[in-house]
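J.: Sending over a structure as structure tokens; questions will come in a sec.
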Amino acid sequence: MNSTEKYNAYMTIVRKEVRRYMRIWTQTLLPSAITMSLYFIIFGSLIGSRIGEMGGFTYMQFVVPGLIMMAIVTNSYANVVSSFYGAKFNHSVEELLVSPTPNYIVLLGYVTGGVTRGLLVAIVVTLVSLFFTHLHIHNIWVVIAIVLLTSTLFSLAGFINAVYANSFDDISIVPTFVLTPLTYLGGVFYSMDLLPDFWAAVSRLNPLVYVVNAFRYGVLGVSDVSQGFAFGMLALFTGVAFFYCMHLLNTGKRLRQ
Amino acid sequence: MLPALTIENLTKTYDNGFQALKGISLTVAQGDFYALLGPNGAGKSTTIGILCSLVNKSAGRVQVFDADIDVDFPAAKKYIGIVPQEFNFNIFEKPFDIIANQGGYYGMPRALAEERAEKYLKALGIWDKRDTPSRALSGGMKRRLMIARALVHEPKLLILDEPTAGVDIEMRRSMWEFLKRINAEGTTIILTTHYLEEAEALCRHVGIINHGEIVENTSIRELLRQLQREVFILDCVDALPADFAIEGFVTRRMDDHCLEVEVEKGQAINQVFASLDRQGVQIASMRNRANRLEEMFVKLVEGAA
């Protein structure tokens, strides 16, 4: 395939993915807006008003970046894992496998689908948050970079989960038992400074800590971790996940016999 | 002229140790209509899976026109259109989108892919269903949708894995006509089927595969020539005489108006009619008892078992 043909194939996958989640927007975009509104009301307004300041900001301002990032992580992951596993389940993935579309284009197409859904949900949640608090952006480039890196990383992770999944139950195990706990323990609702030294050290093994804090830095200008280290770790995880996805596609593991 | 397909010593051993292909070799000429026949589990679908990259081969060489799959699989894939045995499209998508997307996967610009989707949905007679969710299509329509999808990039080699399974007679006939037409227009076709009359009606050459080995690879005409015996059923205008017999032929009286006659290789069927004429028996119609190719197929497969 020449570069124009590859671009056409890539755009076909992206168009299909975007149309898929837009067609079922009540299942893909709306739930995050409702869930985050509840978080804002309960943790931000009701409980947050009694907590006072955290990191020099109102509790509502403190939790908003983490909640936006939580929506990006879960949506980019969910989009790729459900879409690619669905294609595996109904065998329509064979439409791609028999075509001359290179494996990296297949991967980029699905990841772009996950990233765009993550971005769309992030915009929706940010708009909802403006009903509850005032936000200013400390560093827009950090915000953009961290959002793109994070949604890419979790789209890739969703792809890996989809390749290994044998049933629809398998695609909910990781989000339920891994992603959600790591997100809740990733400093969305509290500062690392509040934890005893031991648990603060343990928390630093959680990759979501770097995601949440890097994004919080971009929005509020405060962070519990070094920005350079956070970006370095994210880039490393993303690189490893990308090459592992390519390995799965190139060997045809669980996709070809 | 390069063959459309060349397979040399192709083997496939699955992870569980089952050897599905034991070094098969075959060649399909450009423009041919080729039947790949064999009982269930013989290795037909494995062979097709390797051609379209859904199955990784263990050893051997496959070349599609000028493209060796080990050297340039994407080029080989461009030559091939595949209609699989099982439905493998998203049942929530509409036929038009399924076909246009497939065009995109082959690198076609959207406008061209949509143009081709319209062309082939119309050619297969399902244009009026273009916006119906594909889960709502009948079995025959789903089969035709998969044929239209396989043709969107206008492949030079079309491979159909049991395309008429579960399709009613009228629709099967219309699919035969369509396949004959595109074959006449230059598309090489490889067909697997369990309906041997289908292979006999459509194909010029046949490969019979059994237990992962090619047991026959020849023209349909040559294969049928190997038949030693044919059985004809004759329907008579009036009731047969009680002492009826045809000298030199084994006959069976099915009822008063129906007769079976066995004709061995080398015997002339004219003798049968001459004898019938002498005895004043008028024949209304005549047909083969069983599909001739089926008889040969059973013989070859049982012989190799």
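The values are calculated or read from the model by the stated rules, or taken from the named source; none is laboratory data. Predicted model only: the values in this text are computed from it and were never measured. Cβ placement follows ideal geometry from the backbone for every residue including glycine, while neighbour counts extend to all protein chains displayed.
J.: State which residue is nearest to the other protein chains (Cβ to nearest Cβ) when the search covers only segment A:54-68 and only residues that are of a type outside the set (Val, Ile, Thr) and assigned to a helix (DSSP H, G or I).
T.: A:Leu67
J.: List pairs: first residue in segment B:238-250 and in the same structural domain as B:Glu260 (by TED's automatic domain parsing), second residue hydroxyl-bearing (Ser, Thr, Tyr) and surrounded by 11 or more Cβ atoms within 10 Å (Cβ to Cβ) anywhere in the structure, Cβ distance under 8 angstrom, at least six positions apart or on different chains.
T.: B:Phe244/B:Thr251; B:Ala245/B:Thr251; B:Ile246/B:Ser275; B:Glu247/B:Ser275; B:Phe249/B:Ser275
J.: In this structure, does A:Thr101 turn out to be touching a helix residue (DSSP H, G or I) at 6+ places or on another chain (Cβ under 6 Å), over 30 Å from A:Gly221 (Cβ atoms) and of a type in the set (Ser, Thr, Tyr)?
T.: Judged against the criteria, A:Thr101 is a match.
J.: While we're here: Please specify each residue of segment A:54-97 satisfying the condition of being of a type in the set (S, T, N, Q), buried (at least 19 other Cβ atoms within 10 Å of the Cβ) and touching a residue at least 40 places away in the same chain (Cβ under 8 Å).
T.: Residues satisfying the conditions are A:Gln61, A:Thr74, A:Asn75, A:Ser76, A:Asn79, A:Ser82, A:Ser83.
J.: I'm checking my understanding of the structure. Among residues of segment B:49-68 that are in a loop (DSSP other than H, G, I, E, B) and more than 10 Å from chain A (Cβ to nearest Cβ), which one is farthest from B:Gly81 (Cα to Cα)?
T.: B:Ser58
J.: Considering A:Ala78, A:Ala122, A:Ala71, A:Ala87, which residue is assigned to a helix (DSSP H, G or I), within 14 Å of chain B (Cβ to nearest Cβ) and within 30 Å of A:Ala9 (Cα to Cα)? Even if it seems obvious, please write down each step before you answer.
T.: Values: A:Ala78 fails: within 14 Å of chain B (Cβ to nearest Cβ); A:Ala122 fails: within 14 Å of chain B (Cβ to nearest Cβ); A:Ala71 fails: within 14 Å of chain B (Cβ to nearest Cβ).
Selected residue: A:Ala87, the only one of A:Ala78, A:Ala122, A:Ala71, A:Ala87 that is assigned to a helix (DSSP H, G or I), within 14 Å of chain B (Cβ to nearest Cβ) and within 30 Å of A:Ala9 (Cα to Cα).
J.: How about segment B:100-136: which of its residues are within 14 Å of chain A (Cβ to nearest Cβ), within 25 Å of the chain's Cα centre (by Cα) and outside any helix (DSSP H, G or I)?
T.: Of everything in segment B:100-136, nothing turns out to be within 14 Å of chain A (Cβ to nearest Cβ), within 25 Å of the chain's Cα centre (by Cα) and outside any helix (DSSP H, G or I).
J.: Shifting gears a bit: Mind counting the residues in segment A:131-151 that are outside any helix (DSSP H, G or I) and hydroxyl-bearing (Ser, Thr, Tyr)?
T.: The number of residues fulfilling the criteria is 1.
J.: For segment A:155-169, indicate whether the set of residues that are without any contact (Cβ under 8 Å) to a residue 24 or more places away in the chain and farther than 29 Å from A:His91 by Cα is non-empty.
T.: The answer is no, given that none of the residues of segment A:155-169 is without any contact (Cβ under 8 Å) to a residue 24 or more places away in the chain and farther than 29 Å from A:His91 by Cα.
J.: When only residues in segment B:225-243 that are modelled with pLDDT of 80 or more and part of a strand (DSSP E or B) count, which is farthest from the chain's Cα centre (by Cα)?
T.: B:Cys236
J.: Moving on. For segment B:41-67, how many residues meet the condition of being closer than 13 Å to B:Ile209 by Cα and free of Cβ contacts under 8 Å to residues at least 24 places away in the same chain?
T.: Going through segment B:41-67 one residue at a time, the tally reaches 1.
J.: Hey, which of the helices (runs of 4 or more DSSP H) in segment A:152-257, taking only ones fully inside, have at least 1 residues that are at pLDDT 85 or above? Write out each step before concluding.
T.: Working: elements: A:170-174, A:180-184, A:197-203, A:207-220, A:227-251.
Passing ranges, in order: A:170-174, A:180-184, A:207-220, A:227-251.
J.: Sticking with this one: Considering only segment A:12-53, how many residues are in contact (Cβ under 8 Å) with a residue 40 or more places away in the chain and of a type in the set (A, V, I, L, M, F, W, C)?
T.: 9
J.: Something else now. For A:Gly48, which of the numbered conditions (1) in contact with a strand residue (DSSP E or B) (Cβ under 8 Å, 6 or more places away or on another chain); (2) assigned to a loop (DSSP other than H, G, I, E, B) fails to hold?
T.: Only one criterion in (1) in contact with a strand residue (DSSP E or B) (Cβ under 8 Å, 6 or more places away or on another chain); (2) assigned to a loop (DSSP other than H, G, I, E, B) is unmet by A:Gly48, namely (2).
J.: Which one of the conditions (1) farther than 22 Å from B:Thr187 by Cα; (2) without any contact (Cβ under 8 Å) to a residue 24 or more places away in the chain; (3) touching a helix residue (DSSP H, G or I) at 6+ places or on another chain (Cβ under 7 Å) does B:Asp70 fail to meet, given that it meets all the rest?
T.: With (1) farther than 22 Å from B:Thr187 by Cα; (2) without any contact (Cβ under 8 Å) to a residue 24 or more places away in the chain; (3) touching a helix residue (DSSP H, G or I) at 6+ places or on another chain (Cβ under 7 Å) applied to B:Asp70, the lone miss is (3).
J.: Checking the structure you have, find out if any residue of segment B:75-84 is out of contact with any Lys or Arg (no Cβ under 6 Å at 6 or more places or on another chain), of a type in the set (Gly, Ala, Ser), over 30 Å from B:Trp127 (Cβ atoms) and at the interface with another protein chain (Cβ under 10 Å from one of its Cβ atoms).
T.: yes
J.: Looking at segment A:1-53, which of the residues that are more than 14 Å from chain B (Cβ to nearest Cβ) and of a type in the set (D, E, K, R) is surrounded by the fewest Cβ atoms within 10 Å (Cβ to Cβ)?
T.: Going through the qualifying residues, I end up with A:Arg50.
J.: I've got another one for you. Which number in (1) under 32 Å from the mean Cα position of the chain (by Cα); (2) surrounded by fewer than 15 Cβ atoms within 10 Å (Cβ to Cβ) marks the one condition that B:Glu216 misses?
T.: For B:Glu216, the failing item is (2).
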